[in-house]
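To start, the structure itself, in structure tokens.
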Amino acid sequence: MNLFDKYFKELVSGAPQAPWHGQMSALTAARVMLAYPEHRNRTLRYLAKLLWRMGHQGEAYRAALALPPEELEDCAGIIKTLEDSPPQKLNTTIEIITKCNLRCPLCVNRYYGAPNQIMPFKTFQKIWNRVAERASLAIIEGMGETFLHPQIYDILNYIRPTPVHIDTNGSINMDHDRIMQSSMGTLVFSVDGVDQRTYEQYRVGGHFNKAVENMKAAVAAKKKYGRGPAIVFKYIIFRHNEAYVQEAAQLAQELGVDRFQTNPCNFAADVVDRETVRRFIPVGKNAISRLDYFDFGQNVFVTNSEMDTPYCPTPIHYPYIQVDGTLLPCCLAKLPGFFKEPITEEDQKQAAWWREEMSLLNHRLDDIWRAPAMREFRLNALKNRFALPACQSCQWPANTLGRLFDGTELETPRRPAPSEDVMKVEGLQIEADYAAELKENGLTKDIEYYRESGVLSPEAEALLTGFGLLERARPELVAAIN
């Protein structure tokens with residue numbers, strides 16, 4: 001065994017525990033070795049196994065497929081596992097309700113929802129019995145508010161001892177004693193404000209104080225029982241609340257939650273227009289965005305370069321079960337017929353077929369997993385999600401190596417060229433009309449935040465100069481006004 005073989009064998013056996021820099025050094029070395037035909041096949045074998053151990057299933061699959069069948073050896077297992085075998089453990093999302101007590105402007109419920117559907121408890125039991133063996137985590141959420149389900153606590157009791165994740169708006173009655181007695185691992189409160197004004201701009205119809213009281217009660221119940229889920233205060237950053245991140249973090253600390261988490265706001269590319277994006281996307285120093293640009297001509301939102309990978313392993317690990325029992329590859333693989341907008345007769349036939357053939361009420365999980373339509377979607381997402389219409393508005397952070405293998409036979413597929421109707425995220429500013437609203441409502445904190453962030457347009461800053469903040473304006477603007 002030469003040094004090359006020894007080096008890769010040690011890394012493959014040690015990943016993912018091996019240091020990150022060691023893994024990356026090995027990948028870089030392999031990139032070089034691919035240029036030498038005499039080393040090609042064994043380099044691809046090592047690469048496939050190392051990438052697999054590192055969690056880069058798309059890249060591992062691509063490397064394994066590049067091998068001649070007679071040279072696959074132990075890499076054949078990678079291909080078989082991804083193409084035919086359901087994983088032993090799945091993070092399974094079950095949508096038990098599509099009814100919600102809020103009307104959040106960007107929520108997919110407003111565009112794709114089937115309002116007021118509730119999964120009967122007996123239906124849930126039948127579905128859970130078919131997925132429980134493979135479910136390492138039960139994510140009980142979807143297009144509705146989970147705690148509106150009339151038998152949510154029966155469901156939580158039935159799932160035990162499988163860990164449960166629930167994301168709630170918290171603006172609802174909750175039985176925290178029964179929550180603490182369940183096997184819930186994570187309870188996330190999505191509370192995007194520090195008072196009713198900042199909260200209700202997105203959580204329309206919600207009550208800030210109710211959400212805060214529920215977080216307090218959850219913390220108290222966890223102390224009472226000495227056990228319980230990780231309690232998370234999730235703060236999605238929008239334009240209207242980005243100036244208050246530190247205040248929200250302070251509130252989270254005072255409440256005693258286990259974690260304060262900031263998330264970027266997401267958009268559904270096929271239904272959101274330029275004005276909606278402009279209204280909600282944050283632009284200041286606290287802004288978080290997974291996006292590089294919006295392509296309104298193609299209805300595509302493009303993630304930034306670190307995450308814009310063609311490989312998506314989500315359908316391998318995160319199946320999504322709709323309220324009617326239909327199994328989808330992921331939460332964004334929406335079916336025709338589930339949309340509110342008009343659809344064709346052919347769409348309706350396709351959706352009806354999918355609901356019949358991919359229903360966990362009618363078929364076993366393994367049979368659905370191996371069905372040609374499910375298999376095709378899963379493998380296409382692994383090879384090149386850019387070619388799948390369902391993936392165009394996805395902003396899920398991918399586990400990617402970026403363009404590491406550009407210039408080799410493993411070069412990743414490219415995203416289609418953008419149209420002419422593009423809005424870049426970087427460089428967006430606060431324009432005069434939004435500044436006028438801030439001034440009219442006396443939102444001095446927001447104004448100071450945007451000025452400190454350096455994102456006020458010249459017109460906006462000129463408009464705000466003299467609003468009790470003259471000395472903070474740029475000197476050239478003060479001189480121009482005087």
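The values are calculated or read from the model by the stated rules, or taken from the named source; none is laboratory data. All of these numbers come straight from a predicted model, not from anything done at the bench. Glycine also receives a Cβ, built like all others from the backbone with ideal geometry; neighbour counts cover every protein chain displayed. The area values use the complete protein model at the heavy-atom level, side chains included, leaving out ligands, DNA and RNA. Shrake-Rupley method; radii C 1.70, N 1.55, O 1.52, S 1.80 Å.
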Worksheet item: Sorted by accessible area (1.4 Å probe), largest first, how do 213, 431, 461 line up?
Response: 213, 431, 461
Discussion item. Once ligands and nucleic acids are excluded and a 1.4 Å probe is used, how much of residue 24 is accessible, expressed in Å² to the nearest 10?
Written reply: 40
Practice prompt. Quick one: dipole size for region 199-250, taken about the Cα centre, charges +1 on Lys/Arg Cβ and -1 on Asp/Glu Cβ, in debye to the nearest 20.
Written response: 380
Fill in: Label corresponding to mean projected area of the Cα convex hull in nm² when calculated from the structure given, among [x] 38.7; [y] 23.7; [z] 27.0
[z]
Worksheet item: Straight-line reach from residue 49: which aspartates and glutamates have a Cα under 12 Å away, not including same-chain ones fewer than 8 places off?
Response: 10, 59, 73, 74
Worksheet item: For residue 440 and residue 134, what does the FRET efficiency come to when R0 = 51 Å and r is the distance between their Cβ atoms, rounded to the nearest 0.05?
Response: 0.40
Worksheet item: Sorted by accessible area with a 1.4 angstrom probe, largest first, how do 100, 265, 331 fall?
Response: 331, 100, 265
Worksheet item: Once you sort the root eigenvalues of the Cα gyration tensor of region 19-68 as a ≥ b ≥ c, which label holds: rounded (a/c under 1.5), prolate (a/b larger than b/c) or oblate (the other case)?
Response: oblate
Item to complete: Enumerate the lysines that residue 349 could reach by cross-link, defined here as Cα to Cα under 21 Å, with residues fewer than 8 away along the same chain left out.
Response: 334, 340
Practice prompt. Rank these residues by their accessible area, most exposed first, probe 1.4 Å: 192, 308.
Written response: 308, 192
Item to complete: Would you kindly find the accessible area of residue 240, with a 1.4 Å probe and non-protein molecules such as ligands, DNA and RNA excluded, rounding to the nearest 10 Å²?
Response: 10
Practice prompt. Label region 127-221 by shape, choosing from rounded, prolate and oblate, from the square roots a ≥ b ≥ c of the eigenvalues of the Cα gyration tensor; if a/c is under 1.5 it is rounded, and otherwise prolate applies when a/b is larger than b/c, oblate when it is not.
Written response: prolate
Response to the item:
Taking the convex hull of the alpha-carbon atoms of region 15-165 and averaging its shadow over every direction gives an area in square nanometres of 12.9
Item to complete: Take every Cα pair under 8 Å in the chain that's 6+ residues apart, average their separations, divide by the length, and report that relative contact order as a whole percent.
Response: 14
Discussion item. Can you compute the modelled spin-label distance between residue 403 and residue 253, with each label point 7 Å from Cα toward Cβ, in nm?
Written reply: 4.1
Worksheet item: What residue among 176, 61, 281 has its Cα farthest toward the positive end of the dipole of the chain, where the charges are +1 on Lys, Arg and -1 on Asp, Glu, each on the Cβ?
Response: 176
Worksheet item: What is the sum of charges around residue 256, taking Lys and Arg as +1, Asp and Glu as -1, for the other residues whose C-beta is under 10 Å from the C-beta of residue 256?
Response: +1
Response to the item:
Taking 0.36 nm per residue of separation between residue 423 and residue 177 and subtracting their Cα-Cα distance, the length gained on full extension comes to 83.8 nm
Worksheet item: Once the whole set of protein chains is in place, how much accessible area is left on residue 225, using a 1.4 Å probe, in Å² to the nearest 10?
Response: 60
Worksheet item: Pairs 216/424; 122/383; 89/383; 99/210: which are spaced more than 29 Å apart, C-alpha to C-alpha?
Response: 216/424; 122/383
Worksheet item: Out of 296, 251, 205, whose Cα points farthest toward the positive end of the dipole of the chain (charges: +1 Lys, Arg; -1 Asp, Glu; placed on Cβ)?
Response: 251
